[in-house]
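The values are calculated or read from the model by the stated rules, or taken from the named source; none is laboratory data. A quick note: this is a predicted structure, and the numbers were derived from the prediction, not measured. Cβ placement follows ideal geometry from the backbone for every residue including glycine, while neighbour counts extend to all protein chains displayed. To get the accessible areas, we keep the full protein, side chains included, count just its heavy atoms, and leave off ligands, DNA and RNA. Shrake-Rupley method; radii C 1.70, N 1.55, O 1.52, S 1.80 Å.
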Amino acid sequence: MTSDRTDAIENLLREDRTFEPSEEFVANANLSDASIYERAATEEGFRAFWTEEGNGLDWIEPWTDLYEWTAPYAKWFIGGKLNVSVNCLDRHVAAGLGERVAYFWEGEPGETRTITYADLLDEVCQLTNALRDLGVKKGDRIAIYMPMIPELPVAMLACARIGAPHSVVFGGFSADALADRIDDAQCTVVITADGGYRKGATVPLKKAADEAIGRTASVQHCVVVQRTGDEVAWDDARDHWYHELIKDQPRIADPEPMDSEDLLYLLYTSGTTAKPKGIMHTTGGYLAGVATTHRTIFDLKPETDVYWCMADIGWVTGHSYIVYGPLANATTGVIYEGAIDFPEKDRWAKVAAKYRATILYTAPTAIRALMKYGADAFADDDLSSLRLLGSVGEPINPEAWAWYWKEIGGGRCPVVDTWWQTETGMIMITPLPGITTLKPGSATFPFPGVVADVVDEAGFSVPLGGGGYLVLERPWPAMLRGIYGDPERYESTYWSRYPGRYFPGDGCKRDDEGYYWLLGRVDDVMNVSGHRISTTEVESALVSHPSVAEAAVVGRSDPITGQAIFCYVILRSGFDASDALGAELRGHVADMIGKFARPKQILFTPDLPKTRSGKIMRRLLRDIAEQRDLGDVTTLADSGVVNAIRDQSGSGED
Ligand code: PRX
């Protein structure tokens, strides 16, 4: 960045600088009347709002009651029957939109595919028939482990058509992580690919899937998309090529009428223990929630917009805002397979320019990475089609916000910073771009009808100007319905700290004007590049290595990835600390969980600071990792430990 650009950003960050929607934006906005907030705040208005949204979907049988709330269990659109794939595909084709592009797809090596709604419906029906021929029926769980190729949304939609809940496992997860997830849900089929492309190399997904299936007992079939052409091992009794399976299948397949509360999918996310949680999302409420928020928050105009969400479909952002919300709204979207900075730093800008993207939705970590390259890296790319920008996954620092607004948005695009979670299914705290005056770094206000509060330890509301814990007080249609197979964990994780209120695990402050400023996790969950990783998951990966006696893991602030994984390791006797062992341990964690969870740094230490009751003092370890003032350490079992830790040499990437 040149110095006068830095000055310009500084200027945008003046304390009093706020960003009102432009007159032109307001004039064309899907929502521009601020009274929506007041109306949706009353029970009657809330019901009217979601009744209208529910009526926007196609129902096989109408619902009788809007919702029922017996805390902590909600039901939405009670008694209604519908099929999600019909709402995402058939009804658009029936309305004459068959030739509209559903996805412009671009592979990392550069090939492209343009897929219309009619194409997508055809292929979904073919795969539906193929899966039914393999014996898949309503209620069976299907694991999907794929790169960002069109067959991934096809697979999800085919599952939805059959009523077989999918469990998409991000392609960056290891064989072990995949095996755990297959096992927990007892999946009977795995849909994968020979591999995918990432930064010019291929990622051997089928190999990892084979290993995972070998460690589990439930899988009967493995369907494999040919993507890279790399050679793969083959089990004739179990494996099927996707293209062979679908080629002679009819392009028509009956959709299963699903109850509004039938399971649509499971998506595993990290909690505070080593075992991930299978978050349950159901059918009617989820679809209404994601379609509504997608249309209003991104101000979507399906006839003219080209919407590009840069997330991976393997995370909730991709489920809700690449697949279900956008398709329900008949959106034209972009799916790009690879790294946004490969082979050139401006690959993302070339993709955006080529498809004339109008809406871009990405994560602060990506924005900061692009910021590091500088705006000159994409000076030759025409981004004039952009009209709205979104951010998700972690708090966006005001500098990154201002840079995004100015350098990518050209100073004309509202930035919507959207706070939500795998569990909430839909965006919960967010600006409405035609209404909200923006402040860089704030997710602004709860979506209309969402009732949030910031409370202290005891659960009392903290007055404006103060900080505490975020809670949500009223059910919402896309909320999780539970943790698969573990209702007790559902109740204790989210509903026990403040009975009757949902506790997301995030800190938050509100300024004097009531703007929400999310502060990050308050539990033992790290957020690395917008990905949730549990400290205990990394610790158990470390102690599974023969050299490790004990490990403590914390998230340390990182200028690009938000947090980075910092590990304290006590070695077993007979093992010596070395850079080579540090590298091996980092690789071991990557093998056990996935490359995205590779620790940034390992610090070998003779001991760990613990309270007298034996609990590891993570706050202190975080402070050491960030080299903060250590404060009072007298509660340590051995206060000499801290100094010993600080003096140790570590092994890390930096
Ligand atoms: O800490 C919050 C952070 O990401 C967590 C949810 O992670 P996950 O379930 O993986 O979903 C990520 C994509 C929705 C939250 O508990 N988070 C997400 N969005 C924001 C955020 N923190 C601050 N601001 C955001 N906009």
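Quick check: at a probe of 1.4 Å, how many percent of the accessible area of the range 318-385 sits on carbon and sulfur atoms?
52
Just want to confirm a number: the relative contact order over the range 84-256, from Cα pairs under 8 angstrom separated by 6+ residues, in percent.
24
So in the chain, what percent of DSSP beta bridges are antiparallel if you round to the nearest 5?
Here the share of antiparallel DSSP bridges comes out near 60 percent.
Would you mind estimating how fast the range 133-194 diffuses translationally, via Stokes-Einstein at 25 °C and 0.890 mPa s with the Kirkwood radius over Cα pairs, in µm²/s?
So the translational diffusion coefficient is about 210 µm²/s.
Could you give the accessible area per residue of the range 529-647, probe 1.4 Å, as a whole number in Å²?
Heavy-atom SASA per residue in the range 529-647 reads 45 Å².
Which whole-number percent of Cα pairs in the range 465-536 have a distance greater than 21 Å?
The answer is 36 percent, as a whole percent.
For the range 84-256, what is the accessible area per residue in Å² when the probe is 1.4 Å?
36
How many nm is it between the label spots at residue 113 and residue 234, if each spot is 7 Å from the Cα in line with the beta carbon?
Here the answer is 2.1 nm between the modelled labels.
At 1.4 Å probe size, with the rest of the protein present, what percent of the exposed accessible area of the range 84-256 is carbon and sulfur atoms?
47
What trypsin sites (Lys or Arg not before Pro) in the range 15-85 are in a loop by DSSP, with at most 16 other Cβ atoms within 10 Å of the Cβ?
Here the trypsin sites (Lys or Arg not before Pro) that fit, given the DSSP loop and packing criteria, are 17.
Taking the Cα of residue 380, stepping 7 Å toward and past its beta carbon, and measuring to each backbone N in the range 93-127: which are under 19 Å?
Output list for this probe position: 110.
Take the Cα coordinates of the range 84-256, assign each an equal point scatterer, and use the Debye formula without solvent to give log10 I(q)/I(0) at q = 0.09 Å⁻¹.
-0.29
Run the quick spin-label model on residue 344 and residue 7: label points 7 Å from Cα toward the beta carbon, then report their separation in nm to one decimal.
3.0
Express in nm, to one decimal, how much length is gained between residue 26 and residue 576 on full extension, taking 0.36 nm for each residue of separation and deducting their alpha carbon distance.
191.6 nm
May I ask for the percentage of alpha-carbon pairs in the range 529-647 that lie more than 24 Å from each other?
Value for the range 529-647 (Cα pairs over 24 Å): 23 percent.
Any of 206/277; 206/372; 207/277; 137/207; 81/595 with alpha carbons more than 32 Å apart? Name them for me.
From the list (206/277; 206/372; 207/277; 137/207; 81/595), the Cα-Cα distance tops 32 Å for 206/372; 81/595.
Where Rh denotes the Kirkwood radius from the mean inverse Cα pair distance, what is Rg over Rh for the chain?
Ratio of gyration radius to Kirkwood radius for the chain: 0.95.
Report in % the part of the accessible area of the range 529-647 that belongs to carbon and sulfur, leaving out ligands and nucleic acids; probe 1.4 Å.
48
For residue 496 and residue 47 in one chain, what is 0.36 nm times their gap in residues minus the Cα-Cα distance, to one decimal in nm?
159.0 nm
If you take the beta carbon distance between residue 94 and residue 61 as r and set R0 to 25 Å, what does 1/(1 + (r/R0)^6) give as a FRET efficiency, to the nearest 0.05?
Computed FRET efficiency for residue 94 and residue 61 comes out at 0.85.
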